[in-house]
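The values are calculated or read from the model by the stated rules, or taken from the named source; none is laboratory data. Here the structure is a predicted model, which means the values were calculated and not measured. Cβ: placed from backbone, ideal geometry, glycine included. Neighbour counts: every protein chain shown. Surface areas here come from the heavy atoms of the whole protein model, side chains and all, with no ligands, DNA or RNA. Shrake-Rupley method; radii C 1.70, N 1.55, O 1.52, S 1.80 Å.
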Amino acid sequence: MSSYLEAAAAMGTGSLHPGGFMHTLRVLQRFSLSKEDIILDVGCGTGRTACYIAKSSGAYVFALDNSEEMLRKAKYRAEREGVQIQFVQGDASDMPFLNNVADLILMESVLIFLPAVAVINECFRVLKKGGILVSTELFADEAIPLRAKEQIQFTCGLSSIPSFKEWLKMFLSAGFTRDDARRNHLPGPLENLVNVLYPDPYQVVSRSVSTSREINDIVRKYHWLIQKYRKFLGYGTFIMKKV
Ligand SMILES: C[S@@+](CC[C@H](N)C(=O)[O-])C[C@H]1O[C@@H](n2cnc3c(N)ncnc32)[C@H](O)[C@@H]1O
């Protein structure tokens, strides 16, 4: 795991994806989920989205992550919220689920850390026919200076930062059809303040954060880089269907 993801796990941030929890709420409004649905939150982190779905819809929710620390915090959240979630420690590129079982798979800022094509294929396998994959991922414009791209990749442990078109091509090549695909601009510091309206009541910050300079440095550097190169970056909301 990259040291950025380790730092993120220690910080315990609830919605660790571009757009934050507000974006999650906006995307989920599109679906009328019910207790008949089987939902997978792949790379669930500290489980904020998974818990929200379980609570608001009664759907049967599986939340998978490979990080023990993230899952520990996600389980704590589920307990506090009084929701039932099936937590699974596993690898997104080889998920312990049967073929054609899920109605909806969510991946919020996960693919960019992984061999994306393999994970997209895995999602295609696990989704039912008619099922939907919702993915939220950072993208970089082609004009981004190579040095900027390298710095972000190195800091966050990313193998690449695809463009919006490259992401779309990966989903389509796996066999998905496009239900919707949108470009969003990255919020600046002022716009980010809106997330103050959605504070995370169950963020658990590990003790290591107060003692480890490395954790604080890496998170600060990530935010600094994203703001510095914001005009070359954005995030895509990809809503893809298995027909
Ligand atoms: C940037 S975080 C996003 C977490 C969560 N989706 C959210 O929006 O808050 C990426 C998550 O992917 C998880 N992850 C990374 N590699 C993984 C893998 N191979 N299999 C499953 N999860 C993985 C990390 O542990 C982390 O929780």
Next item on the list: Quickly rank 112-120, 100-108 as a protection proxy: mean count of other C-beta atoms within 10 Å, highest first.
Entry: 100-108, 112-120
Check: For V83, what charge total do you get from the other residues with a beta carbon under 14 Å from its beta carbon, if Lys and Arg give +1 and Asp and Glu give -1?
Finding: +3
Notebook entry, point to check: Short version: what are the Cα gyration tensor semi-axes of the stretch 81-196, square root of 5 times each eigenvalue, largest first, in whole Å?
Noted result: 27, 19, 15
Item checked: Long-range HN-HN contacts of N100 with modeled amide H, under 5 Å -> V126, L127
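In the P(r) worked out for the chain, what percent of Cα pairs fall beyond 21 Å? Intermediate results must be reported in sequence, preceding the final value.
Details: 16385 of 29403 pairs.
Pairs farther apart than 21 Å: 56 percent.
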Notebook entry, point to check: What share of the DSSP beta bridges in the chain is antiparallel, in percent to the nearest 5?
Noted result: 50
Next item on the list: Please sort by residue number the trypsin sites (Lys or Arg not before Pro) in the stretch 1-63 whose DSSP state is loop and whose Cβ has at most 10 other Cβ atoms within 10 Å.
Entry: K35
Next item on the list: With 24 Å as the limit, write out which pairs from K35/K241; K35/K242; K75/K169; K75/K129; K169/K221 have Cα-Cα distances beyond it, or answer none.
Entry: K75/K169; K75/K129; K169/K221
Notebook entry, point to check: Can you run phi through the Karplus equation (6.51, -1.76, 1.60; θ = phi - 60°) for the stretch 68-79 and list ³J(HN,Hα) in whole Hz, with x for Gly and Pro?
Noted result: 4, 5, 4, 5, 4, 6, 5, 5, 4, 4, 4, 4
Check: Top to bottom by accessible area (1.4 Å), largest first, where do Y60, Y76 land?
Finding: Y60, Y76
Note to self: What are the ³J(HN,Hα) couplings of the stretch 214-219, residue after residue, when phi is run through the Karplus curve with 6.51, -1.76, 1.60 and θ = phi - 60°? Round to Hz, x for glycine and proline.
What the structure shows: 4, 4, 5, 5, 5, 5
Next item on the list: For the stretch 191-199, take each phi angle, set θ = phi - 60°, evaluate the Karplus expression 6.51 cos²θ - 1.76 cosθ + 1.60, and give the result in whole Hz per residue in order, putting x for glycine and proline.
Entry: 4, 4, 4, 4, 5, 4, 5, 10, x
Item checked: Sorted peptide list for 152-158, 211-217, 9-15, criterion being average Cβ within 10 angstrom, highest first -> 9-15, 152-158, 211-217
Checklist line | the chain: calculated mean residue ellipticity at 222 nm from DSSP helix runs of at least 4, using -39500 (n - 2.57) | finding: -12000 deg cm²/dmol
Check: For D179, which sequence-distant residues (separation of 5 or more, or a different chain) have an amide H within less than 5 Å of its own amide H, given hydrogens modelled in the peptide plane?
Finding: I239, M240, K241
Checklist line | Cα centroid separation, the stretch 116-141 to the stretch 178-243 (Å) | finding: 20
